[in-house]
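First comes the structure, then the notes that go with it.
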Amino acid sequence: MRLGLPDSVLFKRYGTWWTTFLEGIGVQVLLPRATWEDSLKLGQNAMPSEPITMQLFVGRVLELSTEVEGLLIPDISPGAEPGSRGAALEPWLVDLPTMLGQRFSLPTIYKIPPRLDVQETTGMAVRLGQALTGNAQVVRRALDRLQVGLKPQVSPEPLWQKAGYISVGLVADPLLLEQEFLMQPTMTALEQAGLHPILMNTMPRPRAIEEGQRINANLLEIDHETIGSAKLLAAKAAVRGLVYVSQPNASAGQKLLERSAKNTKKPTLMLEWGALETEQIEAFASSLS
């Protein structure tokens, strides 16, 4: 059996582990081969009014859908209900696998957790592995070899200061922030203005989520991560200000970032992906000098 694993939405959090596990039980895993640019064009044609991250992801999914018997899709907000706050405006974040299945004719979709967790990931791997192979012993052997990869990893400290640059925190929807292809223009523009961007995902995720829950308990976990990370970044002495980057066609996410910026005591700059204004960025950099 061949399974497809799209490699854009939070892929770095889980992709390598799941690829290794599935290959360990004899399942062929296919990753997209198209360029990021071609995938984005495909997704934009299929869904012209959706956020850029979803367009890119759908482009990767559609490429794989003709080559595999099943797709592994991350459940971005496990346990979230359709009535969760933000669901009406951002349904992709609430139940991505179901939304894909409703919009497109796809092979069998298998939900996987969007993060690595001993209990959650192991449970899903056992169920999926058993369903695919019918051999519990093979599944258990593969899991035993990968248990070390499920233990919490200590993230290295970011480079808080860079000679000749002003350090700023960079805050965005994690789906956007962790996609280097989409974020590179923003990173380049900030650096050219003399700013050293420190990504919010350098903050410890459990602490960020806990902080976000204290700020507003009635949000999706991924939103807790965003606003919690912003607060932790703003508390760092080396960080002189925060730059927020929103996605077009993601109104709920934009409002979330705007509220976070409003409650931040340090200087902030609001940007929209795809509409970077050099003068605006340079003026912000000058205000921090």
Is it the case that segment 116-123 has a residue that's in a helix (DSSP H, G or I) and under 18 Å from the mean Cα position of the chain (by Cα)? yes
Yes/no for residue 187 being surrounded by fewer than 19 Cβ atoms within 10 Å (Cβ to Cβ) and either at positive phi or at pLDDT 95 or above (or both): yes
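Residue under question is residue 64, and the condition is that it be in contact with a strand residue (DSSP E or B) (Cβ under 9 Å, 6 or more places away or on another chain), among the hydrophobic types (A, V, I, L, M, F, W, C) and surrounded by fewer than 19 Cβ atoms within 10 Å (Cβ to Cβ); does it hold?
no
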Going through segment 23-36 one residue at a time, which ones are touching a residue at least 24 places away in the same chain (Cβ under 8 Å) and either of a type outside the set (S, T, N, Q) or over 17 Å from residue 138 (Cβ atoms) (or both)? 24, 25, 26, 27, 29, 30, 31, 32, 33, 34, 36
Give me the helices (runs of 4 or more DSSP H) completely within segment 159-227, filtered to those with at least 2 residues that are more than 27 Å from residue 277 (Cβ to Cβ) and assigned by TED's automatic domain parsing to the domain that holds residue 275, ordered by residue number. 205-215
Within segment 114-128, the residues that are more than 15 Å from residue 145 (Cβ to Cβ) and not acidic (Asp, Glu) are 114, 115, 119, 123, 124, 127, 128
Residue selected from segment 235-289 under the condition in a helix (DSSP H, G or I) and among the polar types (S, T, N, Q), by the criterion farthest from residue 197 (Cα to Cα): 251
Could you tell me which residue of segment 252-268 is surrounded by the most Cβ atoms within 10 Å (Cβ to Cβ), considering only residues that are in contact with a Gly (Cβ under 7 Å, 6 or more places away or on another chain) and within 24 Å of residue 179 (Cα to Cα)? 268
Looking at this structure, is residue 219 in contact with a strand residue (DSSP E or B) (Cβ under 7 Å, 6 or more places away or on another chain) and touching a residue at least 24 places away in the same chain (Cβ under 8 Å)? no
Flagged in segment 30-64 as farther than 17 Å from residue 11 by Cβ, modelled with pLDDT of 95 or more and not hydrophobic (A, V, I, L, M, F, W, C), in numbering order, are 37, 38, 41, 44, 45, 48
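The values are calculated or read from the model by the stated rules, or taken from the named source; none is laboratory data. What you see is a predicted model, and the numbers here were worked out from it, not measured in a lab. FYI the Cβ positions are ideal-geometry reconstructions off the backbone, even for glycines, and counts take in every protein chain you see.
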